[in-house]
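S.K.: The structure follows.
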Amino acid sequence: MTHDAQNSAMDTAMQMIGEQGFDGLVPAMTLLFNTAMEAERASALGAGPWERTEERRGYANGFKPKTLQTRIGALPLKVPQVRGDVEFYPQS
């Protein structure tokens, strides 16, 4: 995942909070967590989505839904999965 995608996610999250106030916290945090996990997966695999590199160690294999209970509410997350010779579970 490129820095452009991460910056876009941050801009979108800030816009959600600015427009919706506290009601925008849950969707904004969901977006930020999902973006962070996708960036972690790209780093662990050595390549982003649809990239072909010499450093690639595995392949993206979809997402698993998970709900994270927080003080601001339940965050419906999409935990990235991998296949291949790499062990991965996002730290974020």
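The values are calculated or read from the model by the stated rules, or taken from the named source; none is laboratory data. Bear in mind that the values here come from a model prediction, so they are computed numbers and not experimental data. Each accessible area value is taken on the protein alone, full model and side chains, heavy atoms only, with ligands, DNA and RNA left out. Shrake-Rupley method; radii C 1.70, N 1.55, O 1.52, S 1.80 Å.
S.K.: What is the set of long-range amide H partners of residue 63 at a cut-off below 5 Å, with H atoms built 1.01 Å from backbone N?
M.R.: Long-range HN contacts for residue 63: 81.
S.K.: Based solely on its DSSP helices, what 222 nm [θ] is calculated for the chain when runs of n ≥ 4 H residues each add -39,500 (n - 2.57) and the sum is averaged over all residues, nearest 500 deg cm²/dmol? Walk me through the intermediate numbers first.
M.R.: Details: 2 runs with 39 residues, N = 92.
Value at 222 nm, helices only: -14500 deg cm²/dmol.
S.K.: When semi-axes √(5λ) of the Cα gyration tensor in Å is calculated directly from the model, which label among (i) 23, 19, 9; (ii) 26, 22, 9; (iii) 27, 15, 8 fits?
M.R.: (iii)
S.K.: OK, next. What residues have an amide H closer than 5 Å to that of residue 77, excluding those fewer than 5 places away on the same chain, when H is modeled at 1.01 Å from N in the peptide plane?
M.R.: For residue 77, whose amide H was placed from the backbone, the distant partners under 5 Å are 66, 67, 68.
S.K.: Using the Karplus equation 6.51 cos²θ - 1.76 cosθ + 1.60 (θ = phi - 60°), what ³J(HN,Hα) coupling, rounded to whole Hz, does each residue of region 40-50 give in order, writing x for Gly and Pro?
M.R.: Running phi through 6.51 cos²θ - 1.76 cosθ + 1.60 with θ = phi - 60° gives 4, 4, 4, 5, 5, 7, x, 6, x, x, 6 Hz.
S.K.: While we're on this one: With a cut-off of 8 Å between alpha carbons and a minimum separation of six or more residues, what is the relative contact order of the chain in percent?
M.R.: Numbers: 133 pairs, mean separation 23.9, N = 92.
Contact order relative to length: 26 percent.
S.K.: For 40, 19, 51, 87, what's the largest-to-smallest order of accessible area, 1.4 Å probe? Write out the running numbers ahead of the final one.
M.R.: On the way: 40 50, 19 130, 51 85, 87 180 Å².
Highest to lowest solvent-accessible surface, that is 87, 19, 51, 40.
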